[in-house]
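The values are calculated or read from the model by the stated rules, or taken from the named source; none is laboratory data. Note that the coordinates shown come from a computational prediction; the quantities given were computed from them, not determined experimentally. Here the Cβ is made from the backbone with ideal geometry for all residues, glycine too, and neighbour counts use every protein chain on show. The accessibility values were calculated without ligands, DNA or RNA, using every heavy atom of the protein model including side chains. Shrake-Rupley method; radii C 1.70, N 1.55, O 1.52, S 1.80 Å.
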Amino acid sequence: MTKEHLLELRIIQPGGITGRYLPEEGAAWRLEEIVPPVEALPFDVAVLPEVWTPYDEPFRVVVLGSISHPTDTLLEGRLLGAFQRGEEPPFLVAVVEAEPEAPREWKAVPAQQQEAVLEALRRARPGEWRWLEVEEVEPHLHEGARRYRENHDTARRRHAPAWQALRSAAQGGYADAEQYTAAEYTFFELPYRFQDYVGDALAPDERILYAARRPAMASQRQRSWLRRERLQEGVLLLTTHRLIHLAELIPPDAANIRYGFREVVGVLERLRAADLRPLGNHLALTTRWAAAKGEAEIVWESPAYTRTALQDLLALLAPVVSTASPARALQRATPPPLPETLKPLVDTASNDPDESRRLTEHFRPLLEDALEDGEHPYAWAALPAWFQPKAGTQVLVATDRRLFLLPDLSLDVALRDVALWEYTSSIVDSYLAFTEVRAGKAYQHVVRFPYPAKPAFRACFESGWRCAAVLPV
């Protein structure tokens, strides 16, 4: 018997009369209209969406069956072979797999129906058509699938970040080089809201090396006067740049509103120690991060059943822990590209372009005066007076050496002194925080900002931790 191939098809042109139905309550369907065919044909025309011809379009398929199917119907078809004219891409021929009496090879198709199919093809494209058996069609299908994968991945790669796998599972043969890590494929296993959170948290050029999820749970460390504090659902991400502790702020309510996430970051160049210990009936992963004048730590609580995942993560962190000289540690990081010019400052409560121009012109000379010799600004963001009436309008600036506030430098912290970075942006609360270490003690600075100003403050956050990664401590 001829070898069978099952194909996932999409109808693009019914050959006969079809009906259009709309769903009704109680699992019923209502007939909306009778749809005559554009052209009466002895078959339906379908496409094989993920197998492309050399002209970068899906292969066309002649679908034989006892009835016609409405446009955009998805169905499984059994390949019988194909007709080809000259060296053109072949027209595949398939039958509907759901029809129990459908023929299993082209020879079993009635002669009258065979002739009707050939006549319709000759009418559409005059010339000599020859029949191809399934074995002869296979090379066309394999090459078409490869062509689709390459074109589809290239088109998406223009816009997709490096860490985002284009499929939910690895594909390809034994000779193919896999583009993504196993952890990057687990991105699709996260709840949809966490896919959004992770997408916001990761930089386009980062790669995910490991991911470990944590459910919502009661903390063994943090207690209120009545009970233990509740830790929200989260995910621990190890990337090529940093270790990200990402936790939901508030679980979604009945309206499924996503309230955002809290992200605490340590750059791998500053990692000094990592250990896993029991904490009550839970586990605590403790990591210590260096600054020029001391260290700060993060404790990530997780249920006992996540021990294997956290031990795997520790194994990946072990070679990262810096025991060598700072100069050697710097080999893992490179400075971020310096922007040609800073973006204009924006007051998110104003839609007047002149207001943005005036704000930028007012603070630009102040920035130039505040910069030290050889210091380069990477990003800035405005804190308008309406958001903090007592302080007035201020601007947060991130350079390759410092984070500071204009106009009065009421905040002025060297990146070498920052051990940890924290960022939150949501309708509940939005802030950028960083942990400065002075004389061995950790002090956290918090800069709150209006939620609509998220892009500018996110740029300051990204610039800060990236520049800190290349500074020796």
Exercise for the section: In whole Å, largest first, what are the principal axis extents of the Cα atoms in region 329-417? Expected result: 45, 27, 22
Practice task
Could you tell me how many degrees, from 0 to 90 and to the nearest 10, lie between the Cα long axis of helix 353-370 and the main elongation axis, the longest principal axis, of the Cα atoms of the chain?
Solution key: 50 degrees
Completion exercise
Taking every C-alpha to C-alpha distance in region 277-432 and binning by 5 Å from 0, the per-bin percentages run 2, 7, 12, 15, 15, 13, 11, 9, 8, 6, 2, 0
Exercise for the section: Take the solvent-accessible surface of the protein heavy atoms, probe 1.4 Å, and return the percent of it on the chain that carbon and sulfur atoms account for. Expected result: 52 percent
Handout entry: Table column - 3J(HN,Hα) (Hz), region 263-274, Karplus curve with 6.51, -1.76, 1.60, x for Gly and Pro
Key = 10, 10, 10, x, 7, 4, 5, 9, 5, 10, 7, 8
Problem - Semi-axis lengths, Å, region 400-473, gyration tensor of Cα atoms, sqrt of 5 times eigenvalues - result: 21, 13, 12
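Sort 39-48, 192-201 by packing, meaning the average of other beta carbons within 10 Å per residue, with the highest value first.
Ranking, from highest mean packing down: 39-48, 192-201.
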Handout entry: Theoretical ellipticity at 222 nm over the chain - DSSP helices of four or more residues, -39500 (n - 2.57) apiece, nearest 500
Key = -6500 deg cm²/dmol
Fill in the blank from the handout: Rg/Rh of region 341-473 (Cα atoms, Kirkwood Rh), to two decimals, equals 0.95
Fill in the blank from the handout: Close lysine pairs (the chain; alpha-carbon distance under 30 Å; 8 or more apart or on separate chains) counted at 7
Handout entry: Per residue accessible area in Å² of region 353-470, where ligands, DNA and RNA are left out and the probe is 1.4 Å
Key = 43 Å²
Exercise for the section: Could you rank the peptides 64-73, 452-461, 424-433, 22-31 by their average count of other C-beta atoms within 10 Å per residue, with the highest value first? Expected result: 452-461, 424-433, 64-73, 22-31
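Which peptide among 130-143, 265-278 comes first, and what is the full order, when sorted by highest mean count of other Cβ atoms within 10 Å?
265-278, 130-143
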Exercise for the section: Measure nothing fancy, just the Cα-based angle from helix 111-124's long axis to the longest principal axis of the chain, in degrees from 0 to 90, nearest 10. Expected result: 60 degrees
Practice task
Place +1 on the Cβ of every Lys and Arg and -1 on the Cβ of every Asp and Glu in the chain, take the dipole about the Cα centre, and give the residue among S430, G15, L79 whose Cα lies farthest towards its positive end.
Solution key: S430
Handout entry: Tilt relative to the chain, helix 454-469 - C-alpha long axis, 0 to 90 degrees, to 10
Key = 70 degrees
Exercise for the section: Starting from 0 in steps of 5 Å, tell me what percent of the Cα-Cα pairs of region 1-122 lands in each bin. Expected result: 2, 11, 20, 22, 21, 13, 7, 4, 2, 0, 0
Handout entry: Only Lys, Arg (+1) and Asp, Glu (-1) charged, at Cβ; the chain dipole about Cα centre in debye
Key = 2020 debye
Exercise for the section: Please give the direction-averaged projected area of the C-alpha convex hull for the chain, in square nanometres with one decimal. Expected result: 33.5 nm²
